[in-house]
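Taken together, the values in this text are just the output of simple stated rules run on the coordinates, not laboratory data. Bear in mind that the values here come from a model prediction, so they are computed numbers and not experimental data. For neighbour counting, all protein chains shown are included, and Cβ atoms are generated from backbone atoms with ideal geometry for every residue, glycine included.
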């Protein structure tokens, strides 16, 4: 929740949402995101999820994976840096 709050406060980010245990496509339908960031320990394959999204009519959603880090603050900093980098493209 803290990470979502930090990431959500970034200029390129409209909204950061912590996913639910249910059908992820319900959340995607409600939010229609440009980017989905998976946790390092989530079992989804990024490319397969992008294909599933395309087949369900969601076009151009980029799926990336956050890396595991022993230090949560450093992990959040890396996520912030990656989002800023993607926002400047």
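So for the chain, averaging the separation of alpha carbon pairs under 8 Å that are six or more residues apart and normalising by length, what relative contact order in percent results? List each step's numbers first, then the result.
Values: 69 pairs, mean separation 27.2, N = 89.
This gives 31 percent for the chain.
Compute the distance in nm between two label points, each set 7 Å from the Cα along the Cα-to-Cβ direction, one at residue 55 and one at residue 78.
3.1
Helix-only mean residue ellipticity at 222 nm, the chain, DSSP H runs n ≥ 4 weighted -39,500 (n - 2.57), per residue, nearest 500. What is it? Mind showing how you got there, number by number?
Details: 4 runs with 41 residues, N = 89.
Computed ellipticity for the chain at 222 nm equals -13500 deg cm²/dmol.
Can you compute the modelled spin-label distance between residue 21 and residue 35, with each label point 7 Å from Cα toward Cβ, in nm?
Between residue 21 and residue 35, the simple spin-label model gives 2.9 nm.
Using 0.36 nm per residue, how much length does the chain from residue 4 to residue 47 gain when fully extended, once their Cα-Cα distance is taken away?
13.2 nm
Evaluate the stretch 2-87: find the radius of gyration of its Cα atoms, find its Kirkwood radius, and give the ratio Rg to Rh.
Numbers: Rg = 12.8 Å, Rh = 13.6 Å.
Reported Rg/Rh (Cα atoms, Kirkwood Rh): 0.94.
What angle do you read, to the nearest 10 degrees and between 0 and 90, between the alpha-carbon axis of helix 46-55 and the longest principal axis of the chain?
Approximately 40 degrees, to the nearest 10.
Specify the angular offset, from 0 to 90 degrees and rounded to the nearest 10, of the alpha carbon long axis of helix 72-87 from the longest principal axis of the alpha carbons in the chain.
It works out to around 60 degrees.
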